[in-house]
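Note sheet for the following structure.
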Amino acid sequence: MPITPVEVDGYDVTSSEMGHLYYSSLLKPAGGPLDDPDPFENLPAKEYWSGTEYSANTYFAWAFDFSDGDQFVGGFLFSMGKYEFYQALAVRPGEVGTAPIPEPACMLLMASGLLAFAALRRKFKN
């Protein structure tokens with residue numbers, strides 16, 4: 001889940017991963033709306049949990065509202081803690097797809113085996 005490294009609530013918070021996505025990547029204004037989340041598909045304008053717990057009370061965690069760009073402590077208003085029905089975003093750290101994919105050693109072994117088989121066949125054919 002996305003992290004919230006600086007515990008600040010309100011609008012225009014770009015220090016969290018979801019705040020950065022909303023304000024810097026999608027260029028959405030404070031107060032919303034999230035009418036076009038292009039290039040993302042299936043990103044509804046709802047509340048999402050952060051992977052960072054609220055330091056003052058471990059029953060609560062930080063959340064972000066993609067309908068208007070508000071970062072807040074999830075569960076605080078209704079005293080239900082982290083059991084409120086917010087969404088979750090799956091994220092992975094770093095750049096995806098930038099490292100070259102190495103050729104597996106088994107491909108070399110298979111190619112050399114096929115070449116040896118072809119050479120043997122040619123030898124016995126003559």
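Tabulated data
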read-out	value
Filter result for Phe85 (in contact with a strand residue (DSSP E or B) (Cβ under 9 Å, 6 or more places away or on another chain) and either modelled with pLDDT under 80 or of a type in the set (D, E, K, R) (or both))	yes
Residue, surrounded by the fewest Cβ atoms within 10 Å (Cβ to Cβ), within the range 36-53, restricted to residues that are closer than 15 Å to Asp70 by Cβ and not aliphatic (A, V, I, L, M)	Lys46
Residue count, the range 11-59 (criterion: outside any loop (DSSP other than H, G, I, E, B) and either touching a Ser or Thr at 6+ places or on another chain (Cβ under 7 Å) or of a type in the set (D, E, K, R) (or both))	9
Subset of the range 9-40 [aromatic (Phe, Trp, Tyr) and in contact (Cβ under 8 Å) with a residue 24 or more places away in the chain]	Tyr11, Tyr22, Tyr23
Within the range 10-36, tally of residues that are under 12 Å from Thr52 (Cβ atoms) and not small (Gly, Ala, Ser)	2
Selection from the range 58-71 of residues that are over 15 Å from Pro44 (Cα atoms) and at pLDDT 80 or above	Phe60, Ala61, Trp62, Gln71
Residue count, the range 2-35 (criterion: aliphatic (A, V, I, L, M) and surrounded by fewer than 16 Cβ atoms within 10 Å (Cβ to Cβ))	5
Qualifying residue in the range 42-57 (condition: modelled with pLDDT under 85 and farther than 18 Å from Pro2 by Cα)	yes
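The values are calculated or read from the model by the stated rules, or taken from the named source; none is laboratory data. Every value quoted in this text rests on a predicted model; they were computed, and no experiment measured them. With ideal geometry, Cβ positions are generated from the backbone for all residues, glycine too; neighbour counts draw on all protein chains shown.
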